[in-house]
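The values are calculated or read from the model by the stated rules, or taken from the named source; none is laboratory data. Keep in mind the model is a prediction, meaning the values are calculated, not measured. Cβ sites come from the backbone with ideal geometry, for glycine too, and all protein chains shown count toward neighbours.
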Amino acid sequence: MSKRAHRLTTTGGSDERDARSLIAPLLGFKLEEEASRLRAESAYIDGDRNARTLVKAGAFRLVLVAFRTGAALDENDQRGTLALQVLEGRLAVRVGRDGIEVGEGEVAVVPAEHPWAAVAITDGLLLVHLSWPPEPGSVGV
């Protein structure tokens with residue numbers, strides 16, 4: 001496997017995280033354990049949120065985000081569809097003039113080409129599902 005291909009399928013790791021695979025024929029996650037790790041890292045302790053990409057497969061991403069009250073979230077690249085699945089806590093989500101609150105066990109979906117923003121109403125945990133259109137010449141995995 002080339003270094004570039006390896007970079008696309010594994011995380012780089014850090015002082016606080018081991019490198020790990022982002023894609024495999026089958027992946028499973030214990031979200032409670034993943035959330036505990038996120039909340040123990042300096043990005044969360046010293047800031048308002050911390051995130052970890054769980055899956056990066058072609059144009060699909062699955063990201064777990066631990067957030068504190070007041071944390072602001074948005075996506076600069078609106079080419080894809082987004083689902084914000086709240087596992088704990090509550091978010092206020094806005095698309096243009098429209099807004100909703102999303103709480104534990106609820107999902108907000110934003111279609112492609114719609115800029116969005118969310119603000120944490122309480123501390124919580126979020127699973128972000130992102131799906132962009134494939135890039136020309138890309139191969140889905």
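Okay, here's what the table says:
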read-out	value
Hits in region 86-111 - residues which are within 23 Å of residue 134 (Cα to Cα) and either assigned to a strand (DSSP E or B) or in contact with a Phe, Trp or Tyr (Cβ under 8 Å, 6 or more places away or on another chain) (or both)	108, 109, 110
Any hit, region 46-63, residues being in contact with a Ser or Thr (Cβ under 9 Å, 6 or more places away or on another chain), farther than 24 Å from residue 81 by Cα, at pLDDT 95 or above and charged (D, E, K, R)	yes
Qualifying strands (runs of 3 or more DSSP E) (wholly inside region 23-79; at least 3 residues being within 18 Å of residue 92 (Cα to Cα))	60-67, 72-74
Candidates 85, 78 - the one that is in contact (Cβ under 8 Å) with a residue 12 or more places away in the chain, in contact with a strand residue (DSSP E or B) (Cβ under 9 Å, 6 or more places away or on another chain), under 21 Å from residue 22 (Cβ atoms) and surrounded by 13 or more Cβ atoms within 10 Å (Cβ to Cβ)	85
Pair list, Cβ < 7 Å and 6+ apart or interchain, from region 119-141 residues that are closer than 29 Å to residue 36 by Cα to residues that are among the basic types (Lys, Arg) and modelled with pLDDT under 95	130/61; 132/79
